[in-house]
Amino acid sequence: MLKLNENYLKLPGSYLFAEIARRTAAYSEAHPDKRLIKLGIGDVTLPLPAASVEALKRAADEMGDKATFMGYGPYEGYGFLREAIVKNDYLPRGVEISPDELFISDGAKSDCGNIGDIFSEDCTVAVCDPVYPVYIDANAMAGRAGDYADGRWTNIVYMPCTAENGFFPELPGRVPDLIYLCFPNNPTGTAASKEQLRPWVDYANEHGSVILYDAAYRAYISDPELPRSIYEIPGAETCAIEFGSFSKTAGFTGTRCGWTVIPRALVRGGESLYDMWMRRQSTKYNGTAYVIQRAAEAIYSPEGRAQVAELIGYYMENARVIREGLASAGLEVYGGTDSPYIWFRAPEGQGSWEFFDRLLGEANVVTTPGAGFGPSGEGFIRLTAFGDAENTREAVGRIKAIL
Ligand code: MLT
């Protein structure tokens, strides 16, 4: 008899953002007269940079001409994009990875989840708590999380990130095989310094663990001293895989493009993880569309760079409005300086979902409840700076009004 992947049946409820969408839709249906402002899921609202749109059109024309038409692309992505990423995102930071250590993907989310394919089902996984739910859910689907009870998975190593430790985890007592780190952090909006990351790189090298470093929000770091990549830490090339994304940097949430770096020096059990991932990708993935890779490459042109800087400036101004607005109302607010996320404590000890419902029902503002990101997120709310500027100001005003 056919057997299902029972790991799926252990997953609690629905994916966090699907649950928020469900509650929001139910509220809208019951109150069609209310105008909701959505600052929940971190989805962008500005259009693609003009340079990317032009590149998309040019690439579409190439696809319509027999002389320039492109069929299957390289599994690891086109050289032009891998080279542009290395030249613009890594070399200026002193990181000497090669374009031949990069894989172009359809976004960081897919690769953060799919990377588990090259690791054993028995690997132990450590995550920050609170955490982007994809890391846990994907490992639960693969059978690595154990059982879900009382809001926790039995086999996941949770590393609390709280106001007390500055939202940066302590090294775990029990040595994990895989360690997910994300900085600037989703959801807490905290960025990590080189001094904070160095012990993690040393720890992973010493114990043979692999760090899975999600750098999707790197473009929002404003402090030049803070690292944009784990490879700014010496030794990371022998212990870390890094995920990058065009989603938040250049408005590609719907267009889909990202990358994964697997240094050639990263070897475990005598095997090259680059080679294993290449084997996986060439079997299960046929690459990101040529036109999309051209659109991504265009963000590194002089016009593209200026347009991206403007876009990031727009969202960071939203972040400032939210951060300062909520702080002026007496709330305990974090993030929003090197990150597009603002993390704040619900007033008067209210629970995350309780305050989420109040914000939805009384202020008509959609947020993300911190508890949805893990046990240590309880009592917090996350707001995104990716909204429309006018709506963001109005949302902050509405929140202040109900406090
Ligand atoms: C978020 O809101 O955490 C992100 O937008 C989700 C994602 O990038 O998949």
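The values are calculated or read from the model by the stated rules, or taken from the named source; none is laboratory data. Predicted, not measured: the structure shown is a model, and the values here were computed from it. Don't worry about glycine lacking a Cβ; one is built from the backbone with ideal geometry, like all the others, and counts go over all protein chains shown. To get the accessible areas, we keep the full protein, side chains included, count just its heavy atoms, and leave off ligands, DNA and RNA. Shrake-Rupley method; radii C 1.70, N 1.55, O 1.52, S 1.80 Å.
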From 262, 233, 241, residue being in contact with a Leu (Cβ under 6 Å, 6 or more places away or on another chain) and either of a type in the set (D, E, K, R) or without any contact (Cβ under 8 Å) to a residue 40 or more places away in the chain (or both): 233
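Inside the stretch 96-124, can you point out the residues that are touching a Phe, Trp or Tyr at 6+ places or on another chain (Cβ under 7 Å), away from the ligand (no atom under 16 Å from the Cβ) and either basic (Lys, Arg) or outside any loop (DSSP other than H, G, I, E, B) (or both)? Quick ask: steps written out before the conclusion?
Quick first cut of the stretch 96-124, residues touching a Phe, Trp or Tyr at 6+ places or on another chain (Cβ under 7 Å) only: 97, 101-105, 108, 111-112, 118.
Remaining after also requiring away from the ligand (no atom under 16 Å from the Cβ): 97, 101-104, 118.
Correct list: 101, 102, 103, 104, 118.
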Residues of the stretch 354-403 classified as surrounded by fewer than 17 Cβ atoms within 10 Å (Cβ to Cβ), in a loop (DSSP other than H, G, I, E, B) and of a type in the set (A, V, I, L, M, F, W, C), total: 1
Residues within the stretch 57-75 that are touching a residue at least 24 places away in the same chain (Cβ under 8 Å), open to solvent by 40 Å² or more (accessible area, probe 1.4 Å) and under 30 Å from residue 275 (Cβ atoms), tallied: 4
Selection from the stretch 86-131 of residues that are over 27 Å from residue 168 (Cβ atoms), among the basic types (Lys, Arg) and within 21 Å of the chain's Cα centre (by Cα): none
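If I go through the stretch 2-20 residue by residue, how many of them are at negative phi and more than 16 Å from the ligand (Cβ to nearest atom)? Explain how you work it out, then say what you get.
From the stretch 2-20, those at negative phi are 2-12, 14-20; that's our starting set.
Still in the list and also more than 16 Å from the ligand (Cβ to nearest atom): 2-12.
So the count comes out to 11.
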Failed condition for residue 303, given (1) closer than 23 Å to residue 90 by Cα; (2) open to solvent by 70 Å² or more (accessible area, probe 1.4 Å); (3) part of a loop (DSSP other than H, G, I, E, B): (3)
Yes/no for residue 38 being away from the ligand (no atom under 16 Å from the Cβ) and either within 27 Å of the chain's Cα centre (by Cα) or of a type in the set (Lys, Arg) (or both): no
Residues of the stretch 217-244 satisfying the condition of being within 16 Å of the ligand (Cβ to nearest atom) and either open to solvent by 10 Å² or more (accessible area, probe 1.4 Å) or at pLDDT below 95 (or both): 217, 218, 219
Residues satisfying the stated conditions in the stretch 306-353, i.e. open to solvent by less than 10 Å² (accessible area, probe 1.4 Å) and of a type in the set (Val, Ile, Thr): 322, 342
